[in-house]
Structure formats: C-alpha cells, structure tokens
Amino acid sequence: MKRYLILEDGTVFPGIGFGSSVITTGQLIISNIRTGIEQTITDPNAEGQILAFSTSAIGTPGINRDFYESINSRCKGVVVGTTIGSTVDGTIPFENWVESLSIPGIKNVDMRALSDHIAEHGEMKASIMDTYDEHAKDQIKALVLPPDLVKRVSTKQSYPNPNIGVKVVIVDLGLKYSILRQLSYRGTNAIIVNYNTSVEEIEALHPDGIIFSNGPGHPENLPNTLKNIQELQTKYPILGIGLGTLLIALANNCDIETLDMAHHDSSIAVKEVASGKIDFVNHNHSLTINKSSISNSNLIVTDICVNDGSIEGIRHEYLPITGSLFEPEAAPGPSDGYYIFDEFIQSMESNKVQNRGGIHKW
C-alpha cells in the first residue's frame, strides 16, 4: 500500500506502508544508529516521535525481545529505506515485529534525501498518511505536540528494584530498563517513583542518592520536578541522565537550547575536559545546555562532544551533583560511559560514611 511521509514544511516523501495502517503524527527524528533497533523503538524517549532510521537494510540481525527498554513501544511511527524479510538467526522479521506492536511504518523512502533535508532545515513535525494534499499539510502545521510526554511514560506507582547496596531513588522521567540493569549489576538498592513525587515523599524513603532519569520532551514543561531538584540538591548526591541533566542545569540558572544538529547515534565521541580522554557513547538528544549560561551557575563542564563542541556532561563545583547528556547505559552503543554509574555509587557511599546518623546539608 502506497503511503506518504509529509513534513510540516510541506515536503513529501512517498513510500510503501507496513505495520499499522493508522494515520500518525509526531516529531520526526533522524536516527543514525546501526544496531539496537528494538532498544530505540521501545525507549520511553521515543514517546511522541516518528523514528526515521538512516541505516540501510533494517532488520538483518532480527529482534531480540530481551533488549526492550520498556514493556510497550513508545514511538508514533517508523520510517526506513529498505527492510530485510528474513533474519540471520531466524527470529521475527522487522516488519512483522513492527506490525505486532501496532506501529505505523513506511519503507522505500529516500533516506539520504530525508536526512539531508532535516540536517538543513532542522527537526520538525511529520505525518504518515495514505494521501497528501494541501489540507493534510495544513493539519500538520496546525498540530501542537503535547507537552505532557513525561506524564505519559513515567510510572504511576512506585516500585522497588531491590538489592543489598546503597539505596537510590530514581525519579522516572522516562526510565530505560538498561539504567536499572546497570544499577543491579552494581548491587544498588533502587526505588523508582513518579516524576511528580514530592520532596517529602522522596525523603521518607531515606535515599543515599537520587537519579533523575532520561525522558522525552522539554525540561521547562516540568516545573514541579525543577523545584524538587533545587531543594534536594543541597541534601543528597544527585545524578542526571539526559532530560534529568537538563533539569539540573535549569535548576542552577543555566539556559537550554536546541542543537544545530541533533545527536541521535549509538556511537559519538565525547571528550572529558579534565583529562582529554575520548569515549564513544550513545547519544539521543536534540537539546543541550547553553555554553555562555554556565558562567551564571555553580556548574562546570566535564564533557564535550568532539563533533560540535556542545556540552555533554556537567558537575557542580562543590555539591555531589553530576549530569550526563549522553546515555551512559548505552543500549544501544559502546560501554565507555559505564563509569558514570561507578562514580555516582562511590559518591553515595562516601557521603553515607561521612554523614552517618542524619542528612548532610552542604
């Protein structure tokens, strides 16, 4: 069945439909990942997004259901060049898997032309439709993307991920399972809570530290979470990942801006400022921290992207607060960023030893 990918600026890319036949609209994201299709599509970050995969021949390795990053798919649609009908390991083919998740898809799209167009004009809204005309284009332009993306993906009920180590409360802004996996490998006793959980409720859990997770959307749409960070950061070690890092930056008087070229790739080089060490890590973000605004805060830049010099990591000057805009849990991507979890656990353990018997306020 012929279908069309229609961008909000009126540009049209024809293709062949697969998966669900419903009409869908969302933020179009060009993803340059080469592995980990199942992780990317089930990532809560993909809430409200149409994912366009620039890599050719999608689906050769098959689908590994153990690699899901959430129970259900989160994206609004998928766009690909070509797909592979049979897999090397006999697992479910990509198109069949997309259909089983009720996701609309479109293939045989000119991905080079689409990628070049987005690189030149920036990310924008798009729809997958059966027909295109001026009315369809007007509908896309008029559509306002929902601001409550985190509300849609955050857990409604607190739950534990128990172990025997230090206790960490994870504020779920769109938590990936791989973050829980990395914490479990390190024996961390975790409790996952809703993004709107109050300071009082978090403190009642007696955490040794707090993680504000990755997630979709813009940090300015989360005023309550922002206020919570401003209060909690004087009492506990805190780690931000992705959206959580942007919230830490906002809470400390920094400004957020859109990247000229969004980072959606499973292996992009990041340089540690202090040592010059280069790590290759997974990126999945379109926003960053304004460099000039750092001087208005007590934050320092710890990591920058080698490609464009944008900020990828921050640390508070005198509080045990750190943030990573890249995804240290990988999934997909290299494991170079795992040290982020090790350093945060060391921070919690050190703080626990120094402040037995009560909460420390720096």
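The values are calculated or read from the model by the stated rules, or taken from the named source; none is laboratory data. Please read all numbers here as calculations on a predicted model, not as lab measurements. Positions of Cβ are backbone-derived with ideal geometry, glycine not excepted, and every protein chain shown enters the neighbour counts. Please note that ligands, DNA and RNA were not included when accessible areas were found on the heavy atoms of the full protein model with its side chains. Shrake-Rupley method; radii C 1.70, N 1.55, O 1.52, S 1.80 Å.
Expressed as a rounded percentage, what relative contact order does the chain have, with Cα pairs under 8 Å and six or more residues apart? The partial results should precede the final answer.
Numbers: 867 pairs, mean separation 53.0, N = 362.
With pairs under 8 Å counted, the relative contact order is 15 percent.
Beyond 15 Å, what share of the Cα-Cα pairs of the range 124-201 remains, rounded to the nearest whole percent?
66
For Met124, nonlocal amide neighbours, meaning residues 5 or more places apart or on other chains whose placed amide H falls under 5 Å from its own, are Leu28.
Exposure check, 1.4 Å probe, all protein chains in place: Ile278 carries approximately 80 Å² of accessible surface. For a straight C-alpha distance cut-off of 19 angstrom, the lysines reachable from Lys137 (same-chain residues fewer than eight places away being disregarded) are Lys2, Lys76, Lys125. For the chain, the longest principal axis of the Cα atoms and the long axis of helix 223-232 meet at an angle of about 30 degrees. Across the range 70-127 the C-alpha pair distances fall into 10 Å bins from zero in the proportions 18, 43, 31, 8 percent.
Among Arg65, Arg112, Arg152, the order of accessible area from largest down is Arg112, Arg65, Arg152, computed with a 1.4 Å probe on protein heavy atoms.
A convex hull fitted around the alpha carbon atoms of the range 207-307 yields 118 Å³ per residue.
Estimated at the nearest 10 Å², the accessible area of Leu319 is 20 Å² with a 1.4 Å probe.
Charged side chains reduced to their Cβ positions (Lys and Arg at +1, Asp and Glu at -1) give the chain a dipole of some 680 debye around its Cα centre.
Compared with the dominant principal axis of the Cα atoms in the chain, helix 111-121 is inclined by about 60°. For the range 162-248, what does the alpha-carbon gyration tensor say about shape, rounded, prolate or oblate, given a ≥ b ≥ c as the root eigenvalues, a/c under 1.5 as rounded, and a/b over b/c as prolate? Oblate, since a/c reaches 1.5 and b/c is not below a/b. Across the alpha-carbon set of the range 275-362, the Rg to Rh ratio works out to 1.01, Rh being the Kirkwood radius.
Calculate the tail of P(r) for the range 92-245: the fraction of all Cα-Cα distances greater than 22 Å, expressed in %. Above the 22 Å cut-off, the range 92-245 has 56 percent of its Cα pairs.
Surface calculation, 1.4 Å probe, protein heavy atoms: His263 sits at approximately 10 Å² accessible. Of the options (i) 20.6, 68; (ii) 26.5, 89; (iii) 22.3, 67, only one is Rg and Dmax of the Cα atoms in Å as computed from these coordinates, and that is (i).
Just how large is the dipole of the range 134-177 about the Cα centre, in debye to the nearest 20, putting +1 at every Lys and Arg Cβ and -1 at every Asp and Glu Cβ?
180
Going by accessible surface with a 1.4 Å probe and the largest first, Lys156, Lys235, Lys176 read Lys156, Lys235, Lys176.
Kirkwood radius, the range 56-159, all distinct C-alpha pairs, inverse of mean reciprocal distance: 16.5 Å. If you sort His117, His206 by accessible surface, 1.4 Å probe, largest first, the order is His206, His117. Per residue, the accessible area of the chain comes to 42 Å² when a 1.4 Å probe rolls over the protein heavy atoms.
If you wrap the tightest convex hull around every Cα atom of the range 1-110 and split its volume per residue, you get 91 Å³.
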